[in-house]
Amino acid sequence: MGAIARRALVAVAAVGILVFSAGPAFLSLAGSLIPDKALFDPARGLLDEGLTLDQYRYIFTGKVPAAHLLEGSRVGISDAARQVPGSLLNSLTISLSVMALNILIGAPAAFAFARFVFPGKRVSFLFIILSPLVPAAALIAPSYLIIQWLGLLGTKAAIILIHTTKSLPFTVLILSVFFRKLPEEIIDAAVVDGCTRFQAFLRVALPLALPSVCATGLFAFMLSYAEFMYSMILSGDAASRPLSVVMGALARNIDVSWSLLNAGIFIAIVPTLALVVIVWRYIVEELLSGAVKG
């Protein structure tokens, strides 16, 4: 009886976690497909008006849904929604660049901190891992002035630079812990076989750390994709504006259609849903299999 109760408790907990984590995404999808008059009219059923893709059609093509036309004027329509596809591409470009830079810079730096001895190692490592403790609001003005001095204000390169700076300490910290746990004999054997320290890193340490490297890279992606404050201050026109800034503008419009807002939200979370699949399929399973084999 105790085993049955435990299984039932685990099942209830799993369902609760699923509802808590996947519920907002499902509600956004449902809210984007159901017309506003069905959502807010208690006398109507949610499916009385049927499901519609008009909100997505407006976002991607600019065709105003008939339901939003009233006496020749647009009601509940926001031009910010038309910026969602372009800003999504900007966010993917920025976040993928941040992820690549975190891997290219963070992995060698973490290996050096974990395996090499050099002057100032302790002080520089503490500086790197403690730097995220500085409040982000305190760094806005200096960051803005530096970006302005570099001539990058209003460009995607400025946001990539700042987001990489913000996420790199975490990458170095996590990967240095992993590299420190690698048996010294593995690296020494590679050196004895004729590899330099850098070749040992590329050919031995990096393949062994691949799941951790991918996980930290994806964390950097998510941190950049969701960041709002620096993106809003450093971005310029729509050509460089990321999705978080556009969604903020869309959400602040109190007259915007609820269905249109939910359509924008669901488009924004699609990349994160895809990342969940990638993380589970290629990273979590690798980590679990490694743990079982170990």
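The values are calculated or read from the model by the stated rules, or taken from the named source; none is laboratory data. Small disclaimer: the values here were computed from a predicted structure and weren't measured. Note that each Cβ is placed from the backbone with ideal geometry, even for glycine, and that neighbours are counted across all protein chains shown.
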If you scan the range 17-26, which residues turn out to be within 19 Å of Ile59 (Cα to Cα) and more than 19 Å from the chain's Cα centre (by Cα)?
none
For the range 34-117, please list each of the helices (runs of 4 or more DSSP H) lying entirely inside it that holds at least 2 residues being modelled with pLDDT under 75, under 30 Å from the mean Cα position of the chain (by Cα) and not aliphatic (A, V, I, L, M).
none
Taking the range 167-211, which residues are under 17 Å from Phe125 (Cβ atoms) and touching a Gly at 6+ places or on another chain (Cβ under 8 Å)?
Leu168, Thr171, Val172, Leu175
If I filter the range 104-151 down to residues being more than 14 Å from Val172 (Cβ to Cβ) and touching a residue at least 12 places away in the same chain (Cβ under 8 Å), which single residue comes out as surrounded by the fewest Cβ atoms within 10 Å (Cβ to Cβ)?
Ala137
Looking only at the range 153-192, count every residue that is under 17 Å from Val117 (Cα atoms) and among the hydroxyl-bearing types (Ser, Thr, Tyr) and tell me the total.
1
Please indicate, with yes or no, whether at least one residue in the range 179-201 is in a helix (DSSP H, G or I), aliphatic (A, V, I, L, M), within 29 Å of Ala274 (Cβ to Cβ) and out of contact with any Asp or Glu (no Cβ under 9 Å at 6 or more places or on another chain).
no
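Per-residue answers, yes or no, for (1) within 30 Å of Leu260 (Cβ to Cβ); (2) among the β-branched types (Val, Ile, Thr); (3) modelled with pLDDT of 85 or more:
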| residue | (1), (2), (3) |
| --- | --- |
| Thr155 | yes, yes, yes |
| Thr165 | no, yes, yes |
| Ala190 | no, no, no |
| Ala220 | no, no, yes |
| Leu223 | yes, no, yes |
| Ala238 | yes, no, no |
